[in-house]
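J.: Take a look at this one; I'll ask things after.
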């Protein structure tokens, strides 16, 4: 999966990594911040996604499509499509460009809008990566968890970097008897939830 990544995808990833690094050090750019995951998080979620049971593959919070590219590797291997939701028009356009340049637009369904309005349509979710505004996490969790297939995963980013803000959700997940859950110290921290039978 990682060894067969296309040169076009690698090039677009490197471009987004440079852009993100510059955004984090230049206060004048904060209005367009990508706020993307680091590469080690991308590899980890791709590995998780590649080992999920049959079902829908989702991402909530596309940004410029960096994490989506990592997940597309798993989808390509599993012969599945990925539906990704982004609410900001500027980022939707950046993501479209990303998918075209990386040559993966055929396996990605990019939806502009609030994922919470569409999640009820998915009754067989195998994998969902959640990396959006923190105030939507609890709503998304409550919509995704009941619709995960057995062995399906919900992975939420920023569990460590925004632990104060997300602690109620983390506590909810850790005590939720429908899932096994833990916080994994990769990148900004990932809350990984696996649906039980």
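J.: How high is the relative contact order of the chain, given as a whole-number percent (alpha carbon pairs under 8 Å, six or more residues apart)?
T.: Values: 354 pairs, mean separation 37.4, N = 197.
Averaging sequence separation for qualifying contacts and normalising by length gives 19 percent for the chain.
J.: How many percent of all Cα-Cα pairs in region 130-197 sit more than 14 Å apart?
T.: 51 percent
J.: Quote the FRET efficiency, to the nearest 0.05, computed for residue 6 versus residue 79 with a Förster distance R0 of 25 Å and r equal to the Cβ-Cβ distance. Before the final figure, lay out each step's value.
T.: On the way: r = 17 Å, r/R0 = 0.67.
The calculated FRET efficiency here is 0.90.
J.: If you don't mind, another one. Any idea what the relative contact order of region 27-101 is, in percent, if you count C-alpha pairs under 8 Å spaced at least 6 apart?
T.: 33 percent
J.: Kindly state, to the nearest 0.05, the FRET efficiency for residue 100 paired with residue 150, given R0 = 35 Å and r defined as their beta-carbon distance.
T.: E(calc), rounded to 0.05, equals 0.45.
J.: Three principal axis extents, largest first, for the C-alpha atoms of the chain, in Å?
T.: Ordered largest first, the chain gives principal extents of 42, 38, 31 Å.
J.: I would also like to ask the following. If you take all C-alpha pairs in region 51-114, what percent of them are over 13 Å apart?
T.: 55 percent
J.: In Å, the Kirkwood hydrodynamic radius of region 75-180 over pairs of distinct alpha carbons?
T.: With all distinct Cα pairs of region 75-180 included, I get 15.1 Å.
J.: Let me have the 222 nm mean residue ellipticity of the chain computed from DSSP H runs of 4+ only, each contributing -39500 (n - 2.57), with the sum over all residues rounded to the nearest 500.
T.: Result for the chain: -12500 deg cm²/dmol, rounded to the nearest 500.
We did not get these values from a lab; they are worked out from the coordinates using the rules stated. Worth saying up front: this structure is predicted, and the values here are computed from it rather than measured. Glycine gets a Cβ as well: all are built from the backbone with ideal geometry, and neighbour counts include every protein chain shown.
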